[in-house]
Amino acid sequence: MAPRRKTVFAIPKMDCAAEERLIRMALAGLDVVRSVDADFASRRLAVVHEGTPDVVDAALRSLNLGSRLLDTVDASESDSAPGPSPQEEATTLKIVLAINAGMFIGEMFGAVLADSSALLADSLDMFADATVYAIALFGVHRARATQLKAARLSGIMQLVLAAGALAEVVRRLVFGSEPEATLMIGVAFAALMANATSMWLLARHRQGGAHMKASWIFTTNDVIANLGVIVAAGLVRLLGSNVPDLVVATGIAMIVLNGAVRILRLKE
């Protein structure tokens, strides 16, 4: 049996669940990999594997996330100790998936009623989250090729929706819009509560597998987006202008678009 080693990589562009999921899919097909742990604060990834780190290094470089090998040392059995129960994690992911899917539909309707681009973009962010959780559940017991197809399908859907949101921003910038601030705040607050609930559910698992840590961090970013919509609504009411709504919508749509592009860049 090849010696077991623990190799640490710097991943500068690993900052949300989308990138973390791409990494896990890239490493899932490698028989030498025993465990993967992500530290988002330092943008570092620790991989316990057998043999040399060359195969792992090549797989990470193929993702175009700027990976760089920092260190490799002998690993003890404790480095690959099992984490939380996969069944418990799967149950949590299913609940969070349902929450995000429901809020995607709710925010979409709210965006139409409130004439708000920010709510529309935030609903797409919810959709992006739901696809991340769905892929995490879908790919658990499937081959990497199947995982890649599922990921790319979600990436295409995110790309189309993000482009549509940006087009809607341009349309409203040219022809005007009248966002309803009160309704915007109400819908965004409901989304905020939904994400807070997701955070509470995921927080119990954030010290488990890397995918659970990433899901928790991704949801905290969603809370920031929800707060951004609420601030935009306040500025819409204060200034009597649709510009804050369009600015926040553009920012959220660009985040979703960036995630979609990274998914579509994933190589075989």
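The values are calculated or read from the model by the stated rules, or taken from the named source; none is laboratory data. Everything quoted here is computed from the prediction, not taken from an experiment. Neighbour counts are summed over all protein chains in view; Cβ atoms, including those assigned to glycine, are modelled from backbone coordinates with ideal geometry.
Structure data summary
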item: Segment 117-138, subset touching a Ser or Thr at 6+ places or on another chain (Cβ under 8 Å) and at pLDDT 80 or above, residue surrounded by the most Cβ atoms within 10 Å (Cβ to Cβ); result: ALA121
item: Entirely in segment 4-75, the strands (runs of 3 or more DSSP E) that have 1 or more residues that are in contact (Cβ under 8 Å) with a residue 24 or more places away in the chain and crowded, with 21+ Cβ neighbours inside 10 Å; result: 4-10, 33-39, 44-50
item: Filter result for ILE217 (assigned by TED's automatic domain parsing to the domain that holds ALA128 and at pLDDT below 85); result: yes
